[in-house]
Amino acid sequence: MPDEVTESAVPSDVAVTAPDDVAAEILGVSDDAEHEETGVLWVIALSGIALIVCGWFLPWYVELTANGIGFSPMDAVLTFTGIGTACLYVVGLGMLGLIGGALYDVFCLATHRGTPFRFSNQRAVIAICGVAAVTAISILIGVFHEEPLFGNLSPFAVTDNAVWMTLTGFALCAFAYGMRGWISHHGGIAFTAVAFAVGAAFPMIFNQSADFVGWGARFAAIYVLLALGLNVVVGFAGLLDLGYAAFFAIGAYTTAALSGPHYGLHLPFWVIIFLGAAVASLFGAVLGAPTLRLRGDYLAIVTLGFGEIIPDLATNNVFGATGGPNGLQAYPASFGSFNLAQLGAIPANTKYYFWMLLVLVALVVVALRNLERSRLGRAWVAIREDEIAAAATGINTVSTKLLAFAIGASVSGFAGAFFGAMLGIVAPENFQFAVSVTVLSTVVLGGIGNIAGVAVGAILIAFLINWVLPYMTEWTTTLSRVTGATQLAGVDFSRYQYMFYGLILIGIMLLRPAGLLPSRARKVELVAATESETESLAALQGQA
Amino acid sequence: MSALLEIDGITKVFGGLRAVSNVSFEVEEGAIVSMIGPNGAGKTTAFNCITGLYPLSDGTIRFKGKKITGMPPHRITRLGITRTFQNIRLFSFMTAVDNVMVGEHSRMHAKVWDAVFRTPSERREERDVEQRALATLRRLGIERYADAYARNLPYGLQRRLEIARALASGPSLLLLDEPAAGLNQREKRELMELIAELRSGGLTIFLIEHDMRVVMGISDRIVVLDHGEKIAEGAPQAVRANPRVIEAYLGSGASEMQVS
């Protein structure tokens, strides 16, 4: 039987009874993925270190620019009095212990002795102590606000900010170090916990720069929402949507219409956000319907069209409903009789507003996480992988895709409702193509398909737009004054926003093509693509 | 035995090409029926018509006495017809168990809101479905690869996984498109055992296959297509001796050579 001989030479002869090493190799990828999940650990540790560094250097920077008397943990160390100083010493000593532990780990890794990178009870205790110390100090700051808590120097505007930043940084580092074993195995939960803890503390960290909390933080939270929503469409279902700003606009216009003077309806805000989301998701389904047969590039072009149509309709004041290029007036968030605007000064208002936004982000994250793991989430991935096979396996591809569009749009509707209330005037210029591109780049930057990843991407981009670029302008102006380099004065870095996006995206594509925190499947896809490329290259070279 | 699937004069035209032309036959409940024919005879097109991936140009298809012509693929799957593909179409970057769980999709009931709030019934269903998926993998002998990505499985096991995914929706008719293609002799034998076992479990099987040893070994009845038309139908021995079949495979004049 000659054919039997030739066929047994086929390499697929692994069959059901594969030897253990082959099975291990087949299953191997998942082990790799587990090992790789230190990404979250790095994010937490690096942001902790960044906060400490910023906290220590912020007062000097303020002194340099505003001629104010800065006060920092550094000063507290030098003044030897006050409870705050003592607390900082405690935390600082704890940090020294952590650094010592880290050095021990490096020693273990270098000499292959001892047991580094293991979860242990002592480290968990250290981490909990760090968090407890921060909590204690935050309470003390509240109680002794008028007292010379941090020594004899009178607190200046940035005092609390610097202390808060340093303490948060310490807490993050302690958490990252003490719980690293747990973090690297539960990346998602750890990231979520840290993100919301830091997010909740954010208005306190920046309590004296109300502008930054008021605009920057809320902007970041809104971009997180947008990125989460777009991630459903692009990341989960694999449908490239270039017109996502359209749904954002619809949410914002709905808010303006229902809260502002245009129609005279002054509905409470907590009703409006849900109506905004509902209207946006309805439009999501309506606009999604014509694209159902399209894929890839064609789908992207059609969604791009929708992204242009909506602002255009708004500019032309269609049915007299949008107020034309001047936009519609929206009233700030009002909660019926409980009006946040009356709670006090503007910073307090924005603080509650931000916390509310944060709660909404948390709810959306939980909901999307649940969806991702559900029957529907699997159906989305199946459609992304192979639509025909998905249809033949019993998935209703039409309704599943429409649900992706509708759910993605509803999240964007939430974001739009908050954005409208935050802007005060909802105008078409806020929803141009650039917004869609920005949101898409946050998703790509963070890691397509991974909830934690896209949140990181959105925070980074918002941070870049609202903090880094404007301050770079100030820094270079200061630098030009100090060094006498006049060319540097008056360079407005905010105008180079898209150049920076471009550079960041190029960098990410070259260094971490699946994003900062890639989803597992994407990572495997990339590995597979690289392998097959290498194989074909090898084949080519073999032939040559 | 009553007819589970009734194909009545189906025609599929692509532009000027009649890929399937006025083909009629029946698949009886509990039978193993094979469809053979030279390359390009329209076998896979017929499969695609039955599973609703292609709209029919003419003719009707009935399943359990119910007309399924014009139904979308997922509704046909829900009624109880599932299939595998000639060139394996697994969800490569999902794990094996996830692939099978996608197969369970049409049997699940959780709605969007159940998933968003993770209601107790949704959790219970997810748990049950995972257990069922693992049981299906066990039945096909690939349970140990449950957490491996589908693309990393060896070819033969990918074929098995595709059958597992098709079984997950609880079909009464299983369509297999060249299930033995690319398998070695041992895997082919295992496949034949598997098909026989599935049939004894009450499943009706309709397959396209080129490997004559497989076809002749397991089929109750064979349908032969050539150039989109049905040229023969009957028991394996009868089809094997049919001059038109021999002609379709080997060219005219071959039937006389066969006899001599």
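The values are calculated or read from the model by the stated rules, or taken from the named source; none is laboratory data. Computed from a prediction, not measured in an experiment: that's the story for all the values here. In this analysis, Cβ positions are derived from the backbone assuming ideal geometry, glycine residues included, and neighbour counts consider all displayed protein chains. With ligands, DNA and RNA removed, areas are computed over all heavy atoms of the protein, side chains included. Shrake-Rupley method; radii C 1.70, N 1.55, O 1.52, S 1.80 Å.
Of the conditions (1) under 24 Å from the mean Cα position of the chain (by Cα); (2) more than 9 Å from chain A (Cβ to nearest Cβ); (3) not β-branched (Val, Ile, Thr), B:ARG165 clears all except one; give me its number.
Exception for B:ARG165: condition (2).
Report whether or not B:ARG89 is facing chain A (nearest Cβ under 8 Å), within 15 Å of B:ASN48 (Cβ to Cβ) and either buried (at least 22 other Cβ atoms within 10 Å of the Cβ) or of a type in the set (Gly, Ala, Ser) (or both).
Considered against the rule, which asks whether it is facing chain A (nearest Cβ under 8 Å), within 15 Å of B:ASN48 (Cβ to Cβ) and either buried (at least 22 other Cβ atoms within 10 Å of the Cβ) or of a type in the set (Gly, Ala, Ser) (or both), B:ARG89 comes out as no.
Do we find that B:VAL102 is facing chain A (nearest Cβ under 8 Å) and among the hydrophobic types (A, V, I, L, M, F, W, C) in this structure?
So B:VAL102 fits the description; yes.
Given (1) touching a residue at least 24 places away in the same chain (Cβ under 8 Å); (2) out of contact with any strand residue (DSSP E or B) (no Cβ under 8 Å at 6 or more places or on another chain); (3) open to solvent by less than 10 Å² (accessible area, probe 1.4 Å), where does A:VAL398 come up short, assuming only one miss?
(3)
Looking at region B:104-127, is at least one residue out of contact with any helix residue (DSSP H, G or I) (no Cβ under 8 Å at 6 or more places or on another chain), open to solvent by 40 Å² or more (accessible area, probe 1.4 Å) and not in a helix (DSSP H, G or I)?
yes
Conditions (1) in contact with a helix residue (DSSP H, G or I) (Cβ under 7 Å, 6 or more places away or on another chain); (2) surrounded by 22 or more Cβ atoms within 10 Å (Cβ to Cβ); (3) touching a residue at least 60 places away in the same chain (Cβ under 8 Å), marked per residue:
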{"residue": "A:SER410", "(1), (2), (3)": "yes, yes, yes"}
{"residue": "A:GLU429", "(1), (2), (3)": "no, no, yes"}
{"residue": "A:SER436", "(1), (2), (3)": "yes, yes, yes"}
{"residue": "A:LEU460", "(1), (2), (3)": "yes, no, no"}
{"residue": "A:VAL468", "(1), (2), (3)": "no, no, no"}
{"residue": "A:SER480", "(1), (2), (3)": "yes, no, no"}
{"residue": "A:ARG495", "(1), (2), (3)": "no, no, no"}
{"residue": "A:ILE508", "(1), (2), (3)": "yes, no, yes"}
{"residue": "A:ALA514", "(1), (2), (3)": "yes, yes, yes"}
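Could you run through region B:128-153 and say how many residues are facing chain A (nearest Cβ under 7 Å), without any contact (Cβ under 8 Å) to a residue 60 or more places away in the chain and open to solvent by 20 Å² or more (accessible area, probe 1.4 Å)?
Within region B:128-153, residues that are facing chain A (nearest Cβ under 7 Å), without any contact (Cβ under 8 Å) to a residue 60 or more places away in the chain and open to solvent by 20 Å² or more (accessible area, probe 1.4 Å) number 4.
If only one of A:LEU282, A:LEU228 is modelled with pLDDT of 85 or more and surrounded by 24 or more Cβ atoms within 10 Å (Cβ to Cβ), which one is it?
Among A:LEU282, A:LEU228, only A:LEU228 is modelled with pLDDT of 85 or more and surrounded by 24 or more Cβ atoms within 10 Å (Cβ to Cβ).
When region A:347-384 is examined, which residues are found to be within 7 Å of chain B (Cβ to nearest Cβ), touching a residue at least 24 places away in the same chain (Cβ under 8 Å), of a type outside the set (Val, Ile, Thr) and within 30 Å of B:PRO55 (Cα to Cα)?
Selection gives A:LEU376 alone.
Please work out which one of (1) under 21 Å from A:ALA391 (Cβ atoms); (2) of a type in the set (A, V, I, L, M, F, W, C); (3) open to solvent by less than 20 Å² (accessible area, probe 1.4 Å) is the condition B:LEU79 fails and give its number.
Unmet for B:LEU79, out of (1) under 21 Å from A:ALA391 (Cβ atoms); (2) of a type in the set (A, V, I, L, M, F, W, C); (3) open to solvent by less than 20 Å² (accessible area, probe 1.4 Å): (3).
Filter region B:184-221 down to the residues that are part of a loop (DSSP other than H, G, I, E, B) and over 29 Å from B:GLN131 (Cα atoms), then identify the one that is farthest from the other protein chains (Cβ to nearest Cβ).
B:ASP220
For A:ARG218, are the conditions met, namely being open to solvent by 10 Å² or more (accessible area, probe 1.4 Å), in a helix (DSSP H, G or I) and not hydrophobic (A, V, I, L, M, F, W, C)?
yes
Using beta carbons and a limit of 7 Å, which pairs, at least six apart or on different chains, have the first residue in region B:1-24 and within 14 Å of B:GLY65 (Cα to Cα) and touching a residue at least 60 places away in the same chain (Cβ under 8 Å) and the second one open to solvent by 50 Å² or more (accessible area, probe 1.4 Å) and in a strand (DSSP E or B)?
B:LEU5/B:GLU26
Here is a yes/no grid of residues against (1) assigned to a helix (DSSP H, G or I); (2) over 29 Å from A:GLU387 (Cα atoms):
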position	(1), (2)
A:PHE283	yes, no
A:ALA289	yes, no
A:ARG293	no, no
A:ASP297	yes, no
A:ILE301	yes, no
A:TYR331	no, yes
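Quick one: is A:GLY420 away from chain B (no Cβ under 14 Å) and in a helix (DSSP H, G or I)?
yes
Test B:GLU178 against the criterion of being out of contact with any Leu (no Cβ under 6 Å at 6 or more places or on another chain), over 23 Å from A:ARG378 (Cα atoms) and acidic (Asp, Glu), and give yes or no.
Criteria met by B:GLU178.
Run down A:VAL468, A:VAL444 and say which single residue is over 17 Å from A:ALA195 (Cβ atoms), part of a helix (DSSP H, G or I) and out of contact with any Gly (no Cβ under 7 Å at 6 or more places or on another chain).
A:VAL468
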